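Worksheet: the structure to be examined is printed underneath.
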């Protein structure tokens, strides 16, 4: 696995080419597109160490809206997820110790592809490895995938956090919101484990959180179309 900071476009290009070769997409690369799901004009800043230092904890979630932009983590076309990027806050030693103690251990996260259904249900169709995040606190880091994840048009790429991650930007308006895979009536319970980890599992994303944003994106290489 290669890990890089987001501001290394040359190296990212080399990694993407290698991944595409492995995925047998190079013969039609001229007709494919690279799309960054979740990217907006203004990059979010994770809250920590500023107070309140808030973390995403023990759940799977995705951004539903940022201002006037909706469905920013919904795949617009069939393709493959080849990498994901996360911007991390830099919590203090005291904050890290608190989160480690109360939320199941060291900070970690990955991405999960889900196929949405009716009434906020979704089925897990693929997942990346979970990555340890502490070495990258205070940075924006990208994790290329050694095995790309298949997505279909309309699928959602969510962030899965089995423990905790300082990857939450706060203080936005009510027009910014994200959903988590927690049951209704337990949206304030951030300690129970609701992170989705089993392929084929069906869950319901009942909890909506306003004024906050998850600080991750996902890189998709779309399947080729001759009219691109």
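The values are calculated or read from the model by the stated rules, or taken from the named source; none is laboratory data. These numbers were taken from a predicted model, which means no experiment stands behind them. With ideal geometry, Cβ positions are generated from the backbone for all residues, glycine too; neighbour counts draw on all protein chains shown.
Numerical summary
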| read-out | value |
| --- | --- |
| Unique residue being at pLDDT 95 or above and either out of contact with any strand residue (DSSP E or B) (no Cβ under 6 Å at 6 or more places or on another chain) or buried (at least 23 other Cβ atoms within 10 Å of the Cβ) (or both) when the list is 97, 41 | 97 |
| Residue within the range 147-157 that is crowded, with 21+ Cβ neighbours inside 10 Å, under 12 Å from the mean Cα position of the chain (by Cα) and either within 28 Å of residue 221 (Cβ to Cβ) or modelled with pLDDT of 95 or more (or both) present | yes |
| Residues of the range 100-109 that turn out to be outside any helix (DSSP H, G or I), without any contact (Cβ under 8 Å) to a residue 60 or more places away in the chain and surrounded by fewer than 21 Cβ atoms within 10 Å (Cβ to Cβ), as a count | 3 |
| Hits in the range 152-189 - residues which are assigned to a loop (DSSP other than H, G, I, E, B) and within 15 Å of residue 65 (Cα to Cα) | 171, 172, 173, 174, 175, 176 |
| Odd one out for residue 54, checked against (1) buried (at least 18 other Cβ atoms within 10 Å of the Cβ); (2) at pLDDT below 80; (3) farther than 20 Å from residue 143 by Cα | (2) |
| Among residues of the range 110-151, those that are within 24 Å of residue 206 (Cβ to Cβ), in a strand (DSSP E or B) and without any contact (Cβ under 8 Å) to a residue 60 or more places away in the chain, counted | 4 |
| Output for the range 174-185, where each listed residue is closer than 23 Å to residue 127 by Cβ and surrounded by fewer than 23 Cβ atoms within 10 Å (Cβ to Cβ) | 183 |
| Hits in the range 202-228 (condition: modelled with pLDDT of 95 or more and in a loop (DSSP other than H, G, I, E, B)) | 205, 206, 211, 215 |
| Selection count where residues are under 16 Å from the mean Cα position of the chain (by Cα) and under 11 Å from residue 58 (Cβ atoms), scope the range 170-195 | 4 |
